[in-house]
Amino acid sequence: MVADRLEAAGVAHPQDEARALLRDATGLTRLDLALAPRAPLTAEEARALSGYAARRAAHEPVSRILGERGFWTLDLAVAPGVLDPRPDTETLVETALSLVAEKRDAPLSILDLGSGSGAIACALLSELPAAWALAVDLSGEACAATAANLARCGLSDRASIVRGRWAEALYGRFDLIVSNPPYVRTEDLAGLEPEVRLHDPALALDGGADGLDCYRDIIADAPRLLAEDAFILFEVGFDQAASVAALLADHGLEVARVARDAGGHERIVAARLGPSPT
C-alpha cells in the first residue's frame, strides 16, 4: 500500500498524503473513494500512483508532485524554483487584513517584497476588492510564478510585477508592505527537513549568518515607502521577533502587533511609522 510505503519513509501523515496522491492519479473525488475505497486501478493509474509514491518517499512534497497548493481560500500553482507557500504565511495575511479592516473597500496600494509564488499578494487582493499590488522578486522564476498565480486567480489586472532586489529603485508610498523574506541562518540550512532543503530554493531560505540580512535591507527603505497610517508586516523565524522589532525601532518604526502562528510561535511582526521627533 502507498500509505505503508510513505510511513516507512518517515512521512508524517502517510494516510492523508496517500489519499491525495490517489485522488490525483485516478481523478476520483473524496466521495468516490468513500463509496468505493477498493475500486481497482487501471494500469495507467497504477503507474501514475507508483511514480507519485516513489517521489513522496524520497521526500518531495505532495504540493510539488501535484503542482498545486491550497493557500488561504485559493488553489495556487507551485512552480519549481519557488518557495512552496506554507500555512504559517497565512498568519501574515490574516494579520494584515485585520490591520486594514476599516479600509477593506478602499483603493489600498500593497507592496509585496520577495513575492515568490505570489501567494501573499493573491490572498490579499482576493480579500481587498479595490486594492492594487506591486510584487517584487529578484528571481525571474519567482516573477513568472507570481504572474501565473495572479492570472490563475483572475487578479492580473490589479497587480504589477517588478524583478529587483527588495525596494531598490522603487519610489512612491504604499498603504501596506508585506514580506516573507529568507530568514534561515546559513549554518542551519543543512539541518532543514529534506522537503525544504532539497526542494525550496536556497535564495528563498538563506537569511545570512544571523538570519536577519534581508530584514536589514528592507527596513532601511521602509520609512520612505510607507504612506501615512500604513503598516509593514514581516513573517519571521520562530525566535526572531524581538530582533526584527529592534531593527524596526532603529529606523523609527513602532511595532503595532506581534501575531503567533498555529504552533504558538511569534511569527508575524507588524509595524508603522513612529511619531516624528520634536
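The values are calculated or read from the model by the stated rules, or taken from the named source; none is laboratory data. The structure presented is a predicted model; accordingly, all values stated were derived computationally and were not measured. All Cβ positions, glycine included, derive from the backbone under ideal geometry; neighbour counts span all protein chains shown.
Report every pair of residues separated by at least 6 positions or lying on different chains whose Cβ atoms are under 6 Å apart, first residue within region 47-70 and free of Cβ contacts under 8 Å to residues at least 60 places away in the same chain, second β-branched (V, I, T) and in a helix (DSSP H, G or I).
Y52/I65; A53/V2; R55/I65
One line per residue, one yes/no per condition, for (1) free of Cβ contacts under 8 Å to residues at least 40 places away in the same chain; (2) among the aromatic types (F, W, Y); (3) more than 15 Å from L76 (Cβ to Cβ); (4) in contact with a His (Cβ under 9 Å, 6 or more places away or on another chain):
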{"site": "A151", "(1), (2), (3), (4)": "yes, no, no, no"}
{"site": "S156", "(1), (2), (3), (4)": "yes, no, no, no"}
{"site": "W166", "(1), (2), (3), (4)": "no, yes, yes, no"}
{"site": "L170", "(1), (2), (3), (4)": "no, no, yes, no"}
{"site": "R173", "(1), (2), (3), (4)": "no, no, yes, no"}
{"site": "V178", "(1), (2), (3), (4)": "no, no, yes, no"}
{"site": "P181", "(1), (2), (3), (4)": "no, no, yes, no"}
{"site": "E187", "(1), (2), (3), (4)": "yes, no, yes, no"}
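So, of the residues in region 44-66 that are among the hydrophobic types (A, V, I, L, M, F, W, C) and within 15 Å of D84 (Cα to Cα), which turns out to be surrounded by the most Cβ atoms within 10 Å (Cβ to Cβ)?
First, the residues of region 44-66 that are among the hydrophobic types (A, V, I, L, M, F, W, C): 46, 48-49, 53-54, 57-58, 62, 65-66.
Among the residues that remain, those that are also within 15 Å of D84 (Cα to Cα) are: 62, 65-66.
Details: V62: 23, I65: 19, L66: 15.
Here the residue is V62.
Checking the conditions here, which among L33, L41 is over 28 Å from L198 (Cα atoms), modelled with pLDDT under 80 and surrounded by 12 or more Cβ atoms within 10 Å (Cβ to Cβ)? Don't jump to the end; show me each part of the working.
Working: L41 fails: modelled with pLDDT under 80.
That would be L33, the only listed residue that is over 28 Å from L198 (Cα atoms), modelled with pLDDT under 80 and surrounded by 12 or more Cβ atoms within 10 Å (Cβ to Cβ).
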